[in-house]
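The values are calculated or read from the model by the stated rules, or taken from the named source; none is laboratory data. Quantities reported herein were computed from a predicted structural model and do not represent experimental measurements. Note: ideal-geometry Cβ built from the backbone for every residue, glycine included; neighbour counts use all protein chains shown. Each accessible area value is taken on the protein alone, full model and side chains, heavy atoms only, with ligands, DNA and RNA left out. Shrake-Rupley method; radii C 1.70, N 1.55, O 1.52, S 1.80 Å.
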Amino acid sequence: MARIAGVNIPTNKRVTIALRYLHGIGPTLADEICKKVGIPPERRVNQLSDAEVLQIREVIDRDYMVEGDLRREIAVNIKRLMDMGCYRGLRHRKGLPVRGQRTHTNARTRKGPSKPIAGKKQATAKK
């Protein structure tokens, strides 16, 4: 099993698909990495030699920010927005959608499960 940037990537998948298991690498970057290393995209991870895995690891370490470093930078950016007190920071602090989505309905993923409002009666079905 190949281990890149602290993550075990699946061995029976194609290299471009397996690289996407790393946080911060999507389809475009995975193809770009394969081109830099010179690996055909249809090659499977279990067909890679140790030297090729080492090359992939070096390219990712040198050129891209992935996994822990990327997560840390994103967290620092969000904390900076919250400390600054800007609109986006306030939305993060309150746990509401940040990018202009509506909240009257929807936004349940961000807001959490709905809470009952005191004094508001449930609509009962009359027969």
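Structure values in brief
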| quantity | calculated |
| --- | --- |
| Test result for D63, of a type in the set (D, E, K, R) and closer than 30 Å to R3 by Cβ | yes |
| Checklist (1) farther than 30 Å from P10 by Cα; (2) open to solvent by 50 Å² or more (accessible area, probe 1.4 Å) applied to M65, failing item | (1) |
| Positions within the stretch 68-93 being open to solvent by less than 100 Å² (accessible area, probe 1.4 Å), closer than 14 Å to A5 by Cβ and out of contact with any Gly (no Cβ under 6 Å at 6 or more places or on another chain), in sequence order | G68, D69 |
| Criterion (within 18 Å of the chain's Cα centre (by Cα), open to solvent by less than 70 Å² (accessible area, probe 1.4 Å) and at pLDDT 90 or above) met by exactly one of G38, G26, G6 | G26 |
| Which listed residue, of R93, R62, R57, is free of Cβ contacts under 8 Å to residues at least 60 places away in the same chain, in a helix (DSSP H, G or I) and closer than 24 Å to T109 by Cα | R93 |
| Residue among L70, L54, L48 that alone is closer than 30 Å to G95 by Cβ and hydrophobic (A, V, I, L, M, F, W, C) | L70 |
| Residue match in the stretch 65-80 (condition: modelled with pLDDT of 90 or more, basic (K, R) and more than 21 Å from the chain's Cα centre (by Cα)) | no |
| Which listed residue is open to solvent by less than 70 Å² (accessible area, probe 1.4 Å), among the hydroxyl-bearing types (S, T, Y) and touching a Pro at 6+ places or on another chain (Cβ under 9 Å), from T11, T16 | T16 |
